[in-house]
Amino acid sequence: MPVLALTLSALWLTGCSSPEAQWRYVEFDPQHASADYGGLSKFTLAKSILLLQPPSEPGTAAALLSLPAEAEGAHTQFGFQPVVGTPVMQLSTLDSTRLVHRLSLAQAAVPAATRAATPVAVPASIDRATAKPSGARLALPLAVDVQRLLNEPRREAGTAYGVVENSGNKVALELAYDAVPADTIETRLLDLAKASGIYFYSACRTATLTFLSVPFKHQQYTVTVADPNFVQTVALDTHGQITSHSSCGVDKDAGSTEDPVALATLNRAVAQARSVARAWDTLPMPNPAQAQAEASPMPPPPAAVRK
């Protein structure tokens, strides 16, 4: 993929932004060995991992966390460079990721490489849903990679089906998702030349996860998920900063007190989700019948009959 490094205009969807708040966005492919991406402040659009955790106490509900992970594939990795003579973007990421957690504009134009990332604050809570326990058992935690189910750009509401598999254990599921907000932009159509003064992030959808097979059959969880097929935008100037939500979306404010305990909790949860997702494969299915059939245990072979 060729590098798309363009000087940005100061107007796009969000209206006029400060002429001082300009930078140069770049879309890049880390597998492109001949390209030089040195000096970029890089970030990756978010996808969501749904992490089903064991109940905290016997007889209580299992909890489902919606947590960010780095999206995969084309049109998911970007970077930015400041335009000479203007404020520069400062960003902090979640541990061991390129997921943006907080970003702001520096008041003085200095090379981005000379500025260390600053500590960041996080929302006090993680997007969590609960369901009634079914009484059946399966070793938890379990992870669902939502990007595998939302594998094509679709603006309208819909339903996706899949199976998650780990060491021969298979669980069928349904993901019913709402439409993306009306002002979202399809990521592959994102015009970087018109992105000055804004920050873009994966679009947010409300989704309901329903398990279709034992041991969680009929359990439902409603959460917010990130869909990197689309992006939403927010204006950014030198008077504020943007902080990502723990599941999807951002807050814009003029500064907030850091909560190191909440940040540490979020980083641990994101690391756990990443680790568990490597153990569970998420396999899209065309319909619920096939998902349930895939998850059904194979009948035992017939016993040999002695003559």
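The values are calculated or read from the model by the stated rules, or taken from the named source; none is laboratory data. Note that the structure is a prediction, hence the values are computed from the model and not measured. Reconstructed Cβ throughout: ideal geometry from the backbone, glycine too, with neighbour counts over all protein chains shown. Calculation scope for accessible area: heavy atoms of the full protein, side chains included, ligands and nucleic acids excluded. Shrake-Rupley method; radii C 1.70, N 1.55, O 1.52, S 1.80 Å.
How many residues are within 13 Å of Phe230 (Cα to Cα) and either part of a strand (DSSP E or B) or open to solvent by less than 10 Å² (accessible area, probe 1.4 Å) (or both) when one looks only at the stretch 189-202? Steps first, answer last, please.
Step one: list which residues in the stretch 189-202 are within 13 Å of Phe230 (Cα to Cα), which gives 189-191, 200-202.
Keeping just the survivors that are either part of a strand (DSSP E or B) or open to solvent by less than 10 Å² (accessible area, probe 1.4 Å) (or both) gives 200-202.
Adding up the residues that qualify gives 3.
Among the listed residues Ala277, Ala262, identify the single one that is open to solvent by less than 70 Å² (accessible area, probe 1.4 Å) and closer than 17 Å to Thr93 by Cβ.
The conditions single out Ala262.
Tell me which of these Arg155 doesn't satisfy, since it passes every other one: (1) in contact (Cβ under 8 Å) with a residue 60 or more places away in the chain; (2) over 16 Å from the mean Cα position of the chain (by Cα); (3) closer than 15 Å to Val225 by Cα; (4) buried (at least 16 other Cβ atoms within 10 Å of the Cβ).
Unmet condition: (4).
Could you count how many residues in the stretch 209-257 are more than 25 Å from Val163 (Cβ to Cβ), open to solvent by less than 20 Å² (accessible area, probe 1.4 Å) and not in a strand (DSSP E or B)?
Of the residues in the stretch 209-257, 4 are more than 25 Å from Val163 (Cβ to Cβ), open to solvent by less than 20 Å² (accessible area, probe 1.4 Å) and not in a strand (DSSP E or B).
Can you name the number of the only condition in (1) basic (Lys, Arg); (2) modelled with pLDDT of 95 or more; (3) over 23 Å from the mean Cα position of the chain (by Cα) that Arg274 fails?
Here Arg274 clears every test but (3).
For Thr206, which of the numbered conditions (1) assigned to a strand (DSSP E or B); (2) open to solvent by less than 40 Å² (accessible area, probe 1.4 Å) fails to hold?
The failed condition is (2).
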